[in-house]
Every structure is written in C-alpha cells, then in structure tokens.
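Visitor: Supplied in structure tokens, the structure appears directly below.
The values are calculated or read from the model by the stated rules, or taken from the named source; none is laboratory data. Please read all numbers here as calculations on a predicted model, not as lab measurements. Positions of Cβ are backbone-derived with ideal geometry, glycine not excepted, and every protein chain shown enters the neighbour counts.
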C-alpha cells in the first residue's frame with residue numbers, strides 16, 4: 001500500500017481560482033424568502049405524512065413547511081431541531097431523494113417532490129444566521145457523561161444529554177470536531193465552513209467540553225472513562241478502511257478516497273492540491289461519488305468510477321450518479337480491478353468485466369490511470385476490548401445500550417449505522433434519552449423520547465380503523 | 001369564430017367585455033390603448049360635479065390578498081372618483097368616442113344627492129356623444145362619508161329617486177351601479193327598476209380591511225399609521241357577485257332588468273358564468289390592473305371558442321341560460337343521493353380526504369395499512385369536502401345511487417321521484433298544513 005504517495009504526473013492549479021470558486025460553491029443555493037414560500041406552498045400537509053416516516057429522525061416535516069409558509073421560518077427551525085439538532089447539515093447532505101423526498105406524495109404524483117431538504121435549510125439557516133440557539137439546559141443534575149467522537153452521533157448525543165442537565169466531555173481523535181461532516185463530505189455540499197459553524201452553534205447549549213486529539217485506545221481508555229463518568233457514549237465512527245490486495249498494490253499514486261476528501265476539505269487553497277490526469281475511483285457509494293466529482297472539479301482529465309455490480313445496484317443514489325455523470329465522470333459498472341500496472345507509480349489498470357455472478361466475462365479493459373482512489377468500504381478500527389461486537393461493529397440495542405453497563409453506542413460504529421448523518425443523529429439522540437432515563441431513574445418525569453409534541457397522527461386510530469367498527473371491511 | 005357583438009340596452013359593443021369605472025378608464029391615454037387592445041367598451045372613471053376636483057391620499061391606495069406564488073386574489077382600494085377637472089374628462093371622452101364609434105362609451109357619474117346637481121351634469125355628458133351613463137351608487141369608501149356612493153346605494157328610496165331624475169334629464173340609457181354592502185341586493189335593484197333605470201350593474205366593491213400590520217398595529221393599506229376600510233374586488237369576490245347577479249336575474253319584481261356583471265372577472269370562463277347567470281355584459285377591472293390590457297385577447301378568444309364548441313352564436317344567447325336552475329334550498333331534490341368514490345389509480349395517498357372527513361366531517365373514509373383510501377357508504381353524506389380538498393382533479397367523484405337501491409347510511413330506498421323539503425315529513429309547515 002502506498003496511501004497518499006503522489007505520482008509524478010499529478011499537477012496542481014489545473015483550473016483557475018474563479019472556476020474552483022464556482023464549482024466548489026453551494027450545490028443548492030439558499031432559497032430567498034419568496035422562493036421558500038412558493039416551495040412551501042406545494043406541501044399538501046398529508047395525513048400521517050409519508051415523509052415523516054421516511055426521515056430517520058422523524059422530523060414533523062409538514063408542520064415545519066407550514067410554518068415556513070406562514071412566515072415563521074424560525075418556528076420551523078425549532079420544529080426541525082427538536083428532532084434533529086444537526087438539521088442544518090442534514091438539509092445539505094441527506095440523500096433526500098432516497099428519504100423524505102422519495103416518500104413525498106408529489107414525487108409519486110408528478111415526479112417532482114416538495115423540496116424538503118432546501119426548505120429545511122432555509123429554516124435552519126434563518127435562525128442560525130440570526131445567531132439564535134433556542135434551547136436551554138435543564139437544572140444541573142451533577143452527572144457527567146463521556147462521549148467518544150465529535151461526529152454526528154456524538155454531537156447529537158452530547159447536545160441532548162447537556163440539555164437534560166448533565167455535563168458532557170467529548171473526546172475527539174482529530175484536531176477538529178464534526179466527524180464526517182468536517183472531513184468526509186464533498187465540499188460543494190457544505191461550503192463556507194458550515195460544519196464548524198454548526199458545531200459552534202450546537203455548543204451554545206453549554207455544558208459540553210470538547211477535547212480534541214484524544215483517541216480512544218491510545219490517549220484514553222474505556223475503563224478510565226467508565227471510572228470517571230456516570231455514562232459513556234461511543235460514537236467514533238469507522239476509523240479504518242477496507243484494503244485492496246493485489247498485483248501492483250505497492251505502486252505510488254494510489255490512496256483512500258476518504259483521505260483525499262479529508263485533505264480537500266481541510267485545504268485552504270484548492271488550486272494548490274495536486275490531482276492526477278486520469279483518476280479512477282473504485283467503489284459505488286457516496287464516498288466514491290464525492291471523490292470522483294471533486295477530482296474532476298479539481299481538473300483531472302478523465303475520471304472513472306469502477307463499480308463491480310450493475311449500476312442500478314450502486315449504493316450511491318441515482319441522483320448522486322447523475323450528478324457525477326453531469327460533471328463528466330464516467331461510471332463503469334460490472335468492472336473489477338485485477339491489477340495495477342506501472343513503473344514505480346500507477347500508470348494503468350487491468351480491469352475484468354464481470355457478470356451478475358461476479359465471474360469474469362472474459363472481457364478485459366486496460367485503463368490509463370495515474371491516480372487511483374479506493375472507496376470500497378470503511379471498517380471499525382481499534383474497538384475497545386470487552387464489548388460484544390456484531391459484524392465487526394459494536395453490538396447495541398435500539399436504545400444504544402452495549403453489552404457493558406453504562407456504555408452506549410451509536411452511529412457508524414454500530415451495525416444499525418448506515419453511513420448517513422441523519423441516522424447517526426437519531427441514534428445519538430435516542431441514546432441520550434436512554435442515558436438520561438437510566439441516570440435519573442428517580443425522576444421518570446424527565447424522560448421523554450422526544451422533545452417535540454407528539455407526532456401528528458400518533459393518537460389517531462390505527463390505520464384502517466374508524467370509530468365505526470363493522471361498517472367497512 | 002362566434003360573433004361576440006353585444007347589444008345591451010341599445011348600446012352596441014364588439015364584445016361583452018367592458019372595462020369597469022376605475023383607474024384604467026381615468027383618462028384618454030389609457031382608454032385609447034384599451035380600445036386598441038380590443039376591449040369592447042369602457043365605463044369612464046366616475047366624474048364628479050363642476051368645481052375643484054376631489055383629492056386623493058398621497059400614500060398607498062391599494063391593499064392586496066395573495067394566494068400561492070403571490071398571485072393576486074383580492075385587491076382593495078381607497079381611491080376616490082376622478083381627481084381630474086370635469087372639463088378635461090368631458091373633452092377626452094368626446095375625442096375617444098369620436099375615434100372609436102363602435103365601442104361602448106359609458107360615463108360613470110357621482111354628484112351630490114340633489115336634483116340640480118344631476119340636472120347640471122347630464123347634458124354636458126350627453127354632449128360628448130357617450131352611449132350611456134352609470135350612476136355610481138356603490139363606492140363604499142371616502143365619498144360615502146360625504147353622502148354619495150354607497151351612502152346612496154344603501155337607501156333604496158334614494159336609488160329610485162336619483163334614477164328617476166336621470167331618466168328625466170337625459171335621453172341616454174341609465175345604468176345603476178349597485179353596492180353589495182347591503183343585506184339583500186334585490187331591494188336596491190327593485191328601486192332602480194321603479195326609478196326607470198334601463199339596467200343595473202353589480203357588484204361595486206365590498207367594505208374591507210385587507211390585513212393588519214402587526215408591527216405598527218394598523219390596518220393596511222396604512223397611511224401614516226392609520227388605515228380605513230376600502231373597497232374589495234378581484235377573484236375573491238366573484239362568488240358573492242355571481243350570487244347577487246343571479247338573485248336579481250330571477251327576481252320577478254326586477255322584471256328581467258338587464259344586468260352588467262362585475263366582480264372578479266379574470267378569464268373568459270368567469271365572463272361566461274356571469275352571462276349564464278343573467279348578465280348581458282361584464283365589466284373588468286382587477287384583472288386588467290394585475291395583468292394589463294392584453295388579457296382581452298384571451299377573454300374574447302376563449303369566450304368565442306367555448307361558444308363555438310357549444311354551438312352558441314351570440315353572447316346574448318348565453319345570457320340567463322343558468323338562471324332557471326338557480327333555486328331555493330327548499331326546492332333541492334332530497335332523493336338525489338350520491339356517494340364519494342376515490343379512484344385508487346389517481347390517488348397519490350396524501351390522506352387529505354381522510355383528515356378532512358375524519359377530523360371535521362362524517363368519519364366516512366377508511367384507510368388501509370398501505371394507505372389505500374376508500375369511502376364508507378354507510379357514513380358518507382356526500383358532503384363533497386373530500387372532493388374539494390383532494391389535490392388531484394378527478395380523483396374523487398360523486399356517484400349517484402340509482403333509484404331502487406338502498407342507501408346504506410339511512411337504510412332507505414332511493415326513489416326515482418324527486419322530493420324536496422316542501423313536502424318532507426320533518427318540515428313543520430308541512431305538518432301544520434296537514435292538520
């Protein structure tokens with residue numbers, strides 16, 4: 001493996017500063033007030049709305065859209081944050097096309113859903129721009145909770161725990177908080193330092209201390225945390241990547257897509273970032289798309305995504321695939337990397353085309369490539385001893401409880417994590433409520449699973465029932 | 001293309017679309033452009049008596065009510081009658097009429113409620129060559145505080161009296177413009193008939209406050225922190241206007257007096273509806289003020305195309321066609337039993353019908369776990385609310401139960417013979433009559 005080593009053909013400054021500023025700017029510009037009201041007006045305020053069910057954090061979407069329509073985006077933001085305190089980021093990075101907007105009845109009716117993600121961003125940006133943080137902490141309980149990882153799961157958990165009156169310390173391995181929001185998502189989805197701005201906003205709840213560059217296993221141990229804190233939440237995500245082993249895996253000019261994206265996100269001058277002339281990304285998820293599109297935007301001559309199955313099985317959504325191809329990325333499906341060829345640095349890839357049975361069809365391609373990015377999966381790395389695992393991740397129940405008393409987990413380091421910010425936020429939130437319930441067993445009145453009012457429809461008769469039994473089938 | 005030529009109380013116009021007395025008809029420049037665009041006639045903005053003209057406020061004159069995407073649904077105004085000198089208006093009216101002899105030129109008038117005032121102005125208007133006059137008994141703001149406009153229109157005796165003066169002092173046809181700010185418009189219309197008026201036009205604008213500025217705690221439009229009621233018009237008032245037009249059209253005491261319909265006419269269809277309920281021409285203001293004079297092309301073409309499709313050869317043939325079907329509630333057939341039907345292929349599963357019926361009506365819609373919505377006939381009273389709230393046109397329809405079938409809600413057999421409230425056993429007056 002030669003992660004991060006460059007090939008001689010990589011060049012920086014392939015594109016002008018103006019081109020970089022334009023193409024790495026906001027993918028979906030913020031609505032103005034009129035656009036937002038027009039977009040909000042399209043919402044039908046569905047009964048028992050399918051979009052709510054489709055949202056992992058169960059935001060009352062029709063309610064917040066109605067609040068925008070009624071001229072109160074600030075109230076809308078509160079509705080969103082009650083369920084999802086990272087609603088600002090989720091509005092930017094959620095694959096809404098496979099979540100709320102896919103479920104929208106107008107998607108079914110006319111192939112054009114209510115633009116829920118952009119409306120959510122309009123609401124949350126409105127209140128964040130005004131510098132409003134509408135939550136206060138409950139009276140101090142004197143309890144202390146450790147959170148490992150300042151990514152979406154950890155931040156969500158920390159905010160809810162702090163709001164309930166407990167003191168929180170977050171231990172973060174990297175130099176900055178935010179997790180994948182800061183290091184792992186394409187720049188054009190969250191420009192202008194939004195990830196850090198959101199963390200700063202979230203911390204205004206108070207009672208949360210972040211200790212950066214504290215890695216579990218090397219700088220701190222789970223045993224120590226369990227001794228010093230009343231509860232521990234593990235939300236460290238997936239620190240490792242799945243390796244590719246094969247002929248030529250020692251050539252220079254190849255690396256992990258997550259590292260490429262992280263370097264790009266932390267760069268203060270995109271024009272100084274070198275990129276290959278012929279980039280190939282192996283993988284089919286959103287990380288593969290983010291890496292491919294951004295390498296193209298940096299000025300790579302050709303960019304190809306190699307995916308081993310048929311394109312319609314790519315984990316990245318169809319919308320993401322279309323974004324990639326619209327930027328000039330080629331998607332080569334049913335293609336498996338066999339060998340990396342080059343004199344010291346990667347120069348060419350030998351690729352087998354495969355059938356549905358994953359067996360080579362006999363067709364062999366040779367692709368010019370001087371930069372190879374791997375996005376074939378991330379794995380848990382350095383899990384603490386003593387925790388039961390499930391599929392290489394931390395086993396946890398629906399409340400986030402692990403096999404160790406007093407230890408909860410959520411986000412991508414657990415099996416239920418599905419590489420989505422919004423799912424991690426939900427898990428962190430729900431674990432926080434369970435932590436609170438356990439810590440305050442003497443005060444059950446403080447234990448609500450949700451801050452919000454009960455969702456509309458929750459008290460209605462179950463589907464198919466009416467007040468008139470026997471009058472319909 | 002159907003011939004849209006209209007003869008209304010002897011006033012001919014190439015089509016039934018007139019611009020109502022309002023800012024669009026305040027001066028020669030506008031009216032020439034309106035005629036060039038194709039409008040069939042205008043009612044010149046209301047003239048006042050000789051002397052220093054009225055003055056208008058110098059702040060906002062209009063307030064608005066919007067629908068989706070800032071679509072103007074309702075407009076209110078506090079503008080008064082023309083604030084230009086009488087002789088200027090008369091000179092311009094004469095010049096325009098001379099150049100557009102085929103167009104209807106009606107002049108709106110509002111002078112104090114004294115015979116001398118009307119006697120003084122009528123010959124001067126007649127001298128312009130105008131085709132007729134419209135008596136402004138409708139404006140509900142400003143002038144009404146001075147005993148004119150709706151202050152006259154609200155007193156049937158005044159309506160009759162002034163109409164009679166006008167008929168006495170001019171040969172021009174007299175149209176009385178009615179205010180909707182009364183309890184029963186038929187009283188005003190009957191007064192106009194008694195006074196000898198040739199026609200009525202309605203509705204004028206409705207007393208209104210469009211909104212309140214919640215920061216300044218003042219009604220809008222706001223003038224230096226204060227506001228007053230204005231006259232409401234536009235698409236939002238059309239249903240009210242249609243009702244009042246129909247009420248006059250089917251009132252025996254009004255004696256089929258010709259009607260010029262006004263109130264929210266925005267497209268050809270609105271015009272066709274006014275005609276169907278008894279109007280002979282329609283007057284348009286808000287739509288022109290929103291979109292400009294160019295809308296006349298859609299209106300005339302649309303009305304003509306619709307008439308061609310239906311086989312009508314003249315707007316006068318359309319006029320009043322729906323009047324016989326306007327009746328009293330007590331005459332509605334109670335044996336007409338319908339049930340809502342939801343087309344599962346068109347349904348997009350939003351559940352609005354369910355929420356509306358379950359929360360606010362008759363709990364007559366069932367929903368299955370896969371969000372299939374269906375009607376419970378045993379509960380459905382056919383109120384139509386589900387149809388009205390459904391976002392998909394044609395998805396929910398009302399299906400009539402055939403005579404002879406049992407209505408599962410009442411257990412009664414639906415009868416072929418119509419039966420209404422006047423003969424219903426629950427009607428107390430029926431019982432009294434039977435005793």
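Visitor: Could you grab me the full set of residues in region A:353-383 that are in contact with a helix residue (DSSP H, G or I) (Cβ under 7 Å, 6 or more places away or on another chain), crowded, with 21+ Cβ neighbours inside 10 Å and part of a loop (DSSP other than H, G, I, E, B)?
Guide: Result: A:375, single match.
Visitor: Please specify each residue of region A:102-143 satisfying the condition of being within 14 Å of chain B (Cβ to nearest Cβ), touching a residue at least 24 places away in the same chain (Cβ under 8 Å) and touching a helix residue (DSSP H, G or I) at 6+ places or on another chain (Cβ under 9 Å).
Guide: A:102, A:103, A:104, A:105, A:114
Visitor: Further question: Which residue, of A:308, A:318, is over 22 Å from the mean Cα position of the chain (by Cα) and farther than 27 Å from residue A:8 by Cα?
Guide: Selected residue: A:308, the only one of A:308, A:318 that is over 22 Å from the mean Cα position of the chain (by Cα) and farther than 27 Å from residue A:8 by Cα.
Visitor: Please specify each residue of region A:26-36 satisfying the condition of being modelled with pLDDT of 90 or more and away from every other protein chain (no Cβ under 14 Å).
Guide: A:30
Rundown of residues vs (1) loosely packed, with under 15 Cβ neighbours inside 10 Å; (2) modelled with pLDDT of 90 or more; (3) in contact with a helix residue (DSSP H, G or I) (Cβ under 8 Å, 6 or more places away or on another chain); (4) not assigned by TED's automatic domain parsing to the domain that holds residue A:173, yes/no style:
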{"position": "A:401", "(1), (2), (3), (4)": "no, yes, yes, no"}
{"position": "A:414", "(1), (2), (3), (4)": "no, yes, yes, no"}
{"position": "A:424", "(1), (2), (3), (4)": "no, yes, yes, no"}
{"position": "A:428", "(1), (2), (3), (4)": "no, yes, yes, no"}
{"position": "A:451", "(1), (2), (3), (4)": "no, no, yes, yes"}
{"position": "A:458", "(1), (2), (3), (4)": "yes, no, no, yes"}
{"position": "A:463", "(1), (2), (3), (4)": "no, no, no, yes"}
{"position": "A:468", "(1), (2), (3), (4)": "yes, no, no, yes"}
{"position": "A:472", "(1), (2), (3), (4)": "no, no, no, yes"}
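Visitor: Only one of (1) within 14 Å of chain A (Cβ to nearest Cβ); (2) within 31 Å of the chain's Cα centre (by Cα) fails for residue B:398. Which number is that?
Guide: Checking residue B:398 against (1) within 14 Å of chain A (Cβ to nearest Cβ); (2) within 31 Å of the chain's Cα centre (by Cα), the one that fails is (1).
Visitor: Continuing with the same structure: Restricting to region A:324-350, and then to whatever is assigned to a loop (DSSP other than H, G, I, E, B) and within 16 Å of residue A:301 (Cβ to Cβ), can you tell me which residue is farthest from the chain's Cα centre (by Cα)?
Guide: First, pick out the residues of region A:324-350 that are assigned to a loop (DSSP other than H, G, I, E, B): A:327-329, A:333-334, A:342-344, A:346-347.
From what's left, within 16 Å of residue A:301 (Cβ to Cβ): A:327-329, A:346-347.
Numbers: A:327: 22, A:328: 24, A:329: 22, A:346: 31, A:347: 33 Å.
Per the stated criteria, the residue is A:347.
Visitor: For region B:305-354, what are the residues that are without any contact (Cβ under 8 Å) to a residue 24 or more places away in the chain and within 14 Å of chain A (Cβ to nearest Cβ)?
Guide: If the condition is that a residue be without any contact (Cβ under 8 Å) to a residue 24 or more places away in the chain and within 14 Å of chain A (Cβ to nearest Cβ), then B:345, B:351, B:354 are the ones that fit.
Visitor: A further question on this structure: How many of the residues in region B:359-373 are more than 7 Å from every other protein chain (Cβ to nearest Cβ) and either crowded, with 21+ Cβ neighbours inside 10 Å or more than 22 Å from residue A:110 (Cα to Cα) (or both)? Spell out how you get there, then give the answer.
Guide: We begin by selecting, within region B:359-373, every residue more than 7 Å from every other protein chain (Cβ to nearest Cβ); these are B:359-362, B:364-365, B:370-373.
The next check asks that each one be either crowded, with 21+ Cβ neighbours inside 10 Å or more than 22 Å from residue A:110 (Cα to Cα) (or both); those that pass are B:359-362, B:364-365, B:373.
Selection size over region B:359-373: 7.
Visitor: I need a count of the residues in region B:37-61 that are more than 18 Å from residue B:92 (Cβ to Cβ) and crowded, with 24+ Cβ neighbours inside 10 Å.
Guide: The qualifying residues number 1.
Visitor: Still on this model: Which one of A:330, A:318, A:334 is over 30 Å from residue A:25 (Cβ atoms) and assigned by TED's automatic domain parsing to the domain that holds residue A:366?
Guide: A:334
Residues checked against (1) within 30 Å of residue A:53 (Cβ to Cβ); (2) in contact (Cβ under 8 Å) with a residue 24 or more places away in the chain:
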| residue | (1), (2) |
| --- | --- |
| A:330 | no, yes |
| A:354 | no, yes |
| A:377 | yes, yes |
| A:381 | no, yes |
| A:403 | no, no |
| A:417 | yes, yes |
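Visitor: Do the conditions hold for residue A:237, that is, is it touching a residue at least 12 places away in the same chain (Cβ under 8 Å), under 20 Å from the mean Cα position of the chain (by Cα) and in a loop (DSSP other than H, G, I, E, B)?
Guide: yes
Visitor: Select, from A:59, A:68, A:52, the only residue that is touching a helix residue (DSSP H, G or I) at 6+ places or on another chain (Cβ under 7 Å) and either closer than 30 Å to residue A:263 by Cβ or more than 14 Å from chain B (Cβ to nearest Cβ) (or both).
Guide: A:59
Visitor: Still on this structure, please answer the following. Which one of the conditions (1) modelled with pLDDT of 95 or more; (2) at negative phi; (3) part of a loop (DSSP other than H, G, I, E, B) does residue B:129 fail to meet, given that it meets all the rest?
Guide: Here residue B:129 clears every test but (2).
Visitor: So, one more: Evaluate the following for residue B:418: is it away from every other protein chain (no Cβ under 14 Å) and either part of a loop (DSSP other than H, G, I, E, B) or in contact with a helix residue (DSSP H, G or I) (Cβ under 6 Å, 6 or more places away or on another chain) (or both)?
Guide: For residue B:418, the condition - away from every other protein chain (no Cβ under 14 Å) and either part of a loop (DSSP other than H, G, I, E, B) or in contact with a helix residue (DSSP H, G or I) (Cβ under 6 Å, 6 or more places away or on another chain) (or both) - is met.
Visitor: Right, something else. Please go through (1) farther than 30 Å from residue A:102 by Cα; (2) under 36 Å from the mean Cα position of the chain (by Cα); (3) within 12 Å of another protein chain (Cβ to nearest Cβ) for residue B:382 and return the number of the only condition it doesn't satisfy.
Guide: (3)
Visitor: Going by the conditions given, is residue B:388 out of contact with any strand residue (DSSP E or B) (no Cβ under 6 Å at 6 or more places or on another chain), facing chain A (nearest Cβ under 10 Å) and outside any loop (DSSP other than H, G, I, E, B)?
Guide: So residue B:388 fails the test.
Visitor: Moving on to the next point. In the set A:26, A:41, which member is without any contact (Cβ under 8 Å) to a residue 60 or more places away in the chain and surrounded by fewer than 21 Cβ atoms within 10 Å (Cβ to Cβ)?
Guide: When all the criteria are applied, what remains is A:41.
Listed here are the residues, each with its yes/no results for (1) within 15 Å of residue B:260 (Cα to Cα); (2) in contact with a helix residue (DSSP H, G or I) (Cβ under 9 Å, 6 or more places away or on another chain); (3) in contact (Cβ under 8 Å) with a residue 24 or more places away in the chain; (4) surrounded by fewer than 24 Cβ atoms within 10 Å (Cβ to Cβ).
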site: B:145; (1), (2), (3), (4): no, yes, no, yes
site: B:162; (1), (2), (3), (4): no, yes, yes, no
site: B:173; (1), (2), (3), (4): yes, no, yes, yes
site: B:178; (1), (2), (3), (4): yes, yes, yes, no
site: B:182; (1), (2), (3), (4): no, yes, yes, yes
site: B:190; (1), (2), (3), (4): no, yes, yes, yes
site: B:198; (1), (2), (3), (4): yes, yes, yes, yes
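Visitor: Can you pull out the helices (runs of 4 or more DSSP H) entirely within region A:81-123 that have at least 1 residues that are surrounded by fewer than 21 Cβ atoms within 10 Å (Cβ to Cβ)? Before the answer, list the steps.
Guide: Details: elements: A:87-93, A:100-103, A:105-110.
Here the list reads A:100-103, A:105-110.
Visitor: Taking the residues in region A:192-222 that are touching a residue at least 24 places away in the same chain (Cβ under 8 Å) and part of a helix (DSSP H, G or I) as candidates, determine which candidate is surrounded by the fewest Cβ atoms within 10 Å (Cβ to Cβ).
Guide: It comes out as A:197.
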